Each structure stands twice: as C-alpha cells, then as structure tokens.
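The values are calculated or read from the model by the stated rules, or taken from the named source; none is laboratory data. Quick caveat, the model's predicted, so the values are computed rather than measured. Cβ: placed from backbone, ideal geometry, glycine included. Neighbour counts: every protein chain shown.
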Number of protein chains: 4
Amino acid sequence: MGVATPAQLVNQYGQKMGRKGQLTRQRIMSIALKMLGNSSYKDLTVSDLAAKAKVSNATFYVYFKDIEDVLFACVEAASLDMNAMFDILNETWTSENLKSQLEKFVDSFNTLWEKHRVELRIRNIEADQGNARFLNFRQLSTIELLNRFGEKLAELNPRLENPEYISMVIYTAMERLAALNQMGILGSNSISRRGLDDAIVELLYMALKK
Amino acid sequence: MGVATPAQLVNQYGQKMGRKGQLTRQRIMSIALKMLGNSSYKDLTVSDLAAKAKVSNATFYVYFKDIEDVLFACVEAASLDMNAMFDILNETWTSENLKSQLEKFVDSFNTLWEKHRVELRIRNIEADQGNARFLNFRQLSTIELLNRFGEKLAELNPRLENPEYISMVIYTAMERLAALNQMGILGSNSISRRGLDDAIVELLYMALKK
Amino acid sequence: MGVATPAQLVNQYGQKMGRKGQLTRQRIMSIALKMLGNSSYKDLTVSDLAAKAKVSNATFYVYFKDIEDVLFACVEAASLDMNAMFDILNETWTSENLKSQLEKFVDSFNTLWEKHRVELRIRNIEADQGNARFLNFRQLSTIELLNRFGEKLAELNPRLENPEYISMVIYTAMERLAALNQMGILGSNSISRRGLDDAIVELLYMALKK
Amino acid sequence: MGVATPAQLVNQYGQKMGRKGQLTRQRIMSIALKMLGNSSYKDLTVSDLAAKAKVSNATFYVYFKDIEDVLFACVEAASLDMNAMFDILNETWTSENLKSQLEKFVDSFNTLWEKHRVELRIRNIEADQGNARFLNFRQLSTIELLNRFGEKLAELNPRLENPEYISMVIYTAMERLAALNQMGILGSNSISRRGLDDAIVELLYMALKK
DNA sequence: GATGAATGAGAATTCATTCAT
DNA sequence: TATGAATGAATTCTCATTCAT
C-alpha cells in the first residue's frame, strides 16, 4: 500500500553508510526542503545547497547524484505519510455519517498536503514536465488510493454509473485546489478555502445520497 | 473580456518594427513553441533558440528581453483564443438542452486546451512556481470566465447553495485533467478521456437538474 | 597526396568565422603548441591555454570543442608539410646517386620531424593510446608515403623479396628514432644521431646494391 | 643483468607487510593492469582503481603513493622477464644456424612483448612524455641488452662498420613494431606480422652473412 | 535589421588526499 | 589492516549578455 522508501544503505561511491553519513545525507535533504519552501525551484543549485547544509560541494556528491536526486529522495520520503488516507476510507461509512466522513476525507487530504506541500509541489512540477522518474512515482503513489476511493463511491451508491471516473475528477480537483491553495492564490479574491472544501463535499454528497 | 495581446510595434531598442522585423520576431516565437513541445521547459536557452531560429544570439535580444519574455508573448497570444468559451455561456441553456450544452462546454474547453497545450502548460508551470507576471496573467484570464460560469450555474439552479465555489471546483478539475491528458498520463491505465468528460458533465448535471 | 587541412569556416556554434575570429583561433593553436613544447602533455588545460592565449575560457569554447580538438587541428596542419617527402622519392635514383639519395631521404625526414616535433609527438601518443581520431589520421597520412617508399625499393632492387615489408621496418625505425631523438634520449650515452642515420642508410644500401 | 624488482616489504607507512597486506597490494596491481588493458591510460584514477579492487580509497594509499607508483611497480615486475633475451644471445651462433637463431631472437622478443604488452606500453608512454623515473628505468633495462646485441653482431661479422648502431636501429624497429602490433594497427592493411618479422631477419641476415 | 566576436560569472563535477577510528 | 567520512582545489563547460560594425 503506497510506495515505501527503500532504506538507503550505500552512498554514491558504493560505500556503506554509517550513522554519521546517514545524518549528513538527511541534513542535506532537510535543508533542500527548507530552501525550496522559500525561493523558486530553479534557484536550487548544488553549490548553494551544499553551502547552506555546511558541507562541501564534494560531500554533496558523496550522497546524491544531482539536485534531482535529492528532490526525489524527499518526495519518496513524503509519500509514506500519504498512506493515512487509506485509513479513513477503510472506516465504516453510513448514510448517517456520510457528510462528516466526506468532510474528514477532504480535511485529511488538505492537512497532508499542507504538511508536505514542498515535496508534493516538486513532485507535480517535475512530473508535469515529463520527468519520467517522478511521473512514474506519482502514478504509483496515486493509483491505489484512487482505486480505493472509487470502490468506496460504488459501495455507497451502487447506482452511480461511473464511480471510478467520478473519483478521479474529484480527486484531481482536490489535489489541484490543495496545490493552488499553497501558493496563496486562492485567498486572493474573496475565495475561501472553506467554501471550496464545502463545494467538494457537496458535489460528492449530491452524487452519493439516495 | 479576456486579455488582449497588445500589438508589439517596437523592438527592444524602441525602434518601430517593419514587416521583416515582425516576421523574425514571430519566427522566434514559433520555434520556441515547437521546441517546448518536445523537450522539457528547462532546456530552452537563448543560444539554443537563436540557433534553431537561424538568427544570431544578438538578434534574439533585438526582439526579446529574455526567455521568459518570449514565453509570455506566446502565452498572451494563446489566451485570446480562450474567449470562445464565453460564447457558449452566452447561449440560452434550458432544461431541455442542458445536458448537450454541458457537453459542448466541456468539449470546447478541451479543444482549446489541446490547441494551446504548450502555452497553457508553460503558463501554469510558471504561475505555479510563483512567477508573478504569469500568476497575475492567469488570474486575469481566468476570473472573468469563472464568474460567468458561476452565474450560469446560479441561473440554472437558483437553489444551488454556493454556485461560485462549485464552478471553481469543476473548472479546476477540467483544467487539470486537460493538462494531465496532454501528458499522455490519463490514457495509461484504462482511463478514457471520454469517461472523465462524462463524469464532469454528470456531476454538473446532478447539481443542476431540478 | 597526404591529408589536406580543411578550411575551417564555422566556429563551434555554427557561426561563420570572419578574419578576426580566424586569427583568434590560430592564436590559440600556436600557443597550445608552444605550451606543449615545454611541459608534458597532461598539463595542458583549457583554463591554462586560454589564459596564455589572452582569451577567456568561454572564447576557447567558441573555437574548439575541447583540448583534443585543438591538438587535432595542430596535427592536421603539420601533416601538410610532410608531403615534401614525396618529392624526393619522385626524383631519379641511380646506382651512382643511390647513397646520396638515401642520405637525403633520411635527412629530410629528420628535418621535417624536427620542425613538427610537437605535433607529431602528440599524434603518436594519442594514436598509441588508442584514440581513434588520431589513429585513423596517422594511418591515412602514413600509408601513401609507405607505399611509395616500398615501390621505390622494389624498383631499385627488383630481386628484393619483400620490399613493402622492408620499407615498413625501416620507416618505423626512422620515425621512432626521430621521436626518441627529440626527447634527448639518444644523446645521453655516446650514441650519436649521425651514427644512427648512417646505420639506416647502410642497412638500406646493403639491401639495394647489386 | 636487467633490473631486479626489489621485494616490497613495507607499506607506505613503513609498516612491515604481512601476507594479507601483500595480497591486497598485489590485487591492486593486477586490477590496474586489467583496467589499462581495456581503456585508455588517462582514465585510470585512484577512486576508480580502488573501487574495482574492492578496497577503499584510503586503503590504496596504504600501499601506493599515487597512480604512477602502481604503474611503476607493474613495469618493474614485468621487466624481470625480459632477461630471457640474454639467454639466446649467449647461445652459440654459427653461419649454419644464423638464420634460425635470428628468427628465434625476433620471435622471443615478440612473445615477451605480447606477454607484457600493457606494462611495456605504459613504460614507453611515460618515458616518451619525459617522465624521468620511467625514462631512466627504460634506459637501464635496455642498454645492457642493446650492448650485448651489438657485440653479437660485431662478433658475427667483424667487418661490419658500426655494429652498435645497427643493433640499435634494428632493436628500435623491433620494439616499435611490437608496440604497434598490439594496437591492432598492423593487421589492418594486409600487412602481416609474419612478413615484418621476416623483413627484420632479412635485413640482419644481409648485414651479417659473409 | 542583423550579427560576428568576446566574455564575466558561476554552476557542475571530479579527484587526490587526509584523518580518525 | 582497513575504511567511512569529508574536503580543497581544480577544471570543464555553459549561458546570458554586450557591443561595435
């Protein structure tokens, strides 16, 4: 379920990594995320990152092949967390708690996106630009959840004609709105996040209620 | 209505452009689009573009300030076409033709995106990364259409609680799916474009029917 | 006859080279040769060469792909001169002037090697290490002369059993001794250049005289 | 006679080497030779060699000062074998067995070169580029053999005017042809190794026969 | 209107080498 | 005996950009 982060045991030169090495690798990753939180993605250079992580350029290359490599490692790590969404879908949904479960689903999704906004933005930008590694990874990390979501819709309203497509449309909207939200775009014109979430819940509710 | 492309009459040196100059400028723009169709966005450099457009680097700077400048010019030009969406919203929608109008709306949107896939992808990537010029331009080119769409929904079902939010959710899904579609992502796992469009129409139909 | 240097008309970016550009290219080449005259081959770096030629690193890359590229250009240019050897072979050799013609042949060869010692050393080092471009070029520039030399031997002594092999053995010795001579190796132990040349002439004379 | 390889008993830190240490040192040397057999000489780096020899970079420095140091060790080891040439010269050469002895001499030389092609190529490349250590070593390992060969020629044909020069010319050709042969250069244009060896024997025979 | 020529600046990348363990 | 970890110091290479013609 979801995609696991492989334990990284050797560095770029094939050496086994000890405790110290793993810490350094980790430090580089978190500094990278911090840097991407502020400035644009294009500005992230190896020199800059290495400097901010207090290691030499050469050390960077001990642990990563290039900038993309760090980013992918971050994205991989973040993806683990997304598995929490499955738990909600596996709970019991009844016509009584339908609305609140839908709200919970939407809220949890938003929360997770907020937590990993940087990684998920990177993942999408790269995948959208055709980067195969990220594209493939996104595919893998999304498809299971999407399937499970579609099943849930079918189960809740058996008369729904094409639940798997409805699930994808809604999921797409949720993700895109989460992404836009982070960029401070939504807040601009009197559009509230709350209202959008309600609209999603509403659309689903209309589709599922009997 | 929409955003107009200002007729570019002077080059970077403030000189009035004659026929030949405008052709050169135009050629650079179309080569840029062609190049972006294939490879990733990051690979587009001034030197590369100039070479492919068969002009010297120096000539590039006669017509554009930098790469972003060409891209923006392309995006601006593409945006004019999107105005066609208004025409459909301005037609008369009745309960009789509701479904077919919805289908028409979704189809037209997809067609326009297909036509300007490169420009719109660029616009979104840049805006998503926080580029103010593109962000602002996207805002401007989207908001009017979004408002008009929201009004239409309110008009069709006056009991709809938050039509402007519904319109945004649906619009967001439409756009994102159009973008993903271009990347050949959707076709992969037995998910058909047709099915997604139907799902969008279905969601709207459920929300609007009395 | 021999291998011609193609007139280099465009730079690495495909631009036509004007007078000034060609001079710059030429300057880089001659500085490279000067530098190789002194220090070892491995020490020649782009930065170093560019600095000594009073151009920026970037300018180097306008005219050459890399260090090997300059070297090859130098080798190509030098090779033209070697064609003078043909003239001597095309003269009339008789039993009367045989010895003096042999001496002239050997002397001329040495003189040309002395003149282009740097380029020819580079050519051989690269070819010997398996560099295809130089290997191929050496093949091309040697084979014709070798053939002509073999013919001459056959013509002078028709009873000679394998003139083409004799010519190659002698040519090989001549070249190698020329190369060693430049390195100041021969002079060391009471071995004189003169003596070696005489020995070559002597060997040929013994093989050719009736 | 020849140059002996000093038994290397201590490592770079002056510590006496035990069995395990000697094996490691040996392994690094043989991997180095293997690597040089394939790719070009310039590509051999400490990191690469250490990785391929399955030791850490640091371990490399336990046994060698730098890459040149390994190479020299290899060259030294190979050189011992070359002493076999003396044995042939010390046999009795008569006018009856002259031709077959000459053939044996040439053949043995080729065989030895083939066996140590990598080391001898390295030795010559380094020496040719002016590396004093290798230059000096080559001088030492060659001069004795060269002298002995010259004496033999003088002994066989006392009227030969400059036997020591003839010996050097022939030796030079032999070595160079052996080197070229290894590079697969000779085989290319219908030139057979056999023919060249015959030519060398022939030249010597013509010079020695009464 | 167009372009040869040149370059400053900086980013990526690689290597040999050291040292504490 | 062996090696994780780290790095200083080059070096290559590329790009946007300018300017005189």
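Summary table
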{"item": "Of the criteria (1) in contact with a His (Cβ under 6 Å, 6 or more places away or on another chain); (2) on the phi > 0 side of the Ramachandran plot, which one B:GLY130 fails", "result": "(1)"}
{"item": "C:MET168 vs. criteria buried (at least 17 other Cβ atoms within 10 Å of the Cβ), under 17 Å from D:ILE170 (Cβ atoms), more than 8 Å from every other protein chain (Cβ to nearest Cβ) and modelled with pLDDT of 90 or more", "result": "no"}
{"item": "Cβ-Cβ under 8 Å pairs, at least 6 apart or on other chains, region B:188-210 side farther than 14 Å from A:VAL169 by Cα, far side outside any helix (DSSP H, G or I) and modelled with pLDDT of 85 or more", "result": "B:ALA207/B:ASN157; B:ALA207/B:LEU160; B:LEU208/B:ASN157; B:LEU208/B:LEU160; B:LYS209/B:SER95; B:LYS209/B:ASN157; B:LYS210/B:SER95; B:LYS210/B:ASN157"}
{"item": "Residues of region C:171-183 that turn out to be of a type in the set (S, T, N, Q) and farther than 11 Å from D:VAL169 by Cα, as a count", "result": "2"}
{"item": "Failed item in (1) more than 14 Å from chain C (Cβ to nearest Cβ); (2) touching a residue at least 60 places away in the same chain (Cβ under 8 Å); (3) out of contact with any helix residue (DSSP H, G or I) (no Cβ under 6 Å at 6 or more places or on another chain); (4) not β-branched (Val, Ile, Thr), with D:TRP93 passing the rest", "result": "(3)"}
{"item": "Top-ranked residue in region C:140-181 [being assigned to a helix (DSSP H, G or I) and out of contact with any helix residue (DSSP H, G or I) (no Cβ under 7 Å at 6 or more places or on another chain); ranked as nearest to C:SER192 (Cα to Cα)]", "result": "C:GLU175"}
{"item": "Close pairs (6 angstrom Cβ cut-off, 6 or more residues apart or separate chains): surrounded by 15 or more Cβ atoms within 10 Å (Cβ to Cβ) in region B:39-51, in a loop (DSSP other than H, G, I, E, B) anywhere", "result": "B:TYR41/A:GLN129"}
{"item": "Failed criterion for D:ILE143 (all others in (1) at the interface with chain C (Cβ under 10 Å from one of its Cβ atoms); (2) in contact (Cβ under 8 Å) with a residue 12 or more places away in the chain hold)", "result": "(2)"}
{"item": "Among (1) surrounded by fewer than 19 Cβ atoms within 10 Å (Cβ to Cβ); (2) assigned by TED's automatic domain parsing to the domain that holds C:LEU153; (3) among the polar types (S, T, N, Q) - the single one C:GLN101 does not satisfy", "result": "(1)"}
{"item": "Qualifying helices (runs of 4 or more DSSP H) (wholly inside region D:18-117; at least 3 residues being more than 16 Å from DNA strand E (Cβ to nearest atom), within 30 Å of D:LYS152 (Cα to Cα) and modelled with pLDDT of 90 or more)", "result": "D:67-81, D:84-90, D:98-115"}
{"item": "Selection status of C:GLU144, charged (D, E, K, R) and at pLDDT 90 or above", "result": "no"}
{"item": "Sole exception among (1) at pLDDT below 95; (2) within 16 Å of the chain's Cα centre (by Cα) for C:ARG193, by number", "result": "(2)"}
{"item": "Residue in region C:69-88 that is within 14 Å of chain D (Cβ to nearest Cβ), within 27 Å of D:VAL118 (Cα to Cα) and within 15 Å of DNA strand F (Cβ to nearest atom) present", "result": "yes"}
{"item": "Matching entry among C:MET206, C:MET183 (being modelled with pLDDT under 95, hydrophobic (A, V, I, L, M, F, W, C) and in contact with an Asp or Glu (Cβ under 7 Å, 6 or more places away or on another chain))", "result": "C:MET183"}
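Matching residues to (1) crowded, with 16+ Cβ neighbours inside 10 Å; (2) away from chain A (no Cβ under 11 Å); (3) closer than 25 Å to B:ASN90 by Cα; (4) touching a Cys at 6+ places or on another chain (Cβ under 7 Å):
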position	(1), (2), (3), (4)
B:THR111	no, yes, yes, no
B:VAL118	yes, yes, no, no
B:ARG133	no, yes, no, no
B:ARG176	yes, no, yes, no
B:LYS209	no, no, yes, no
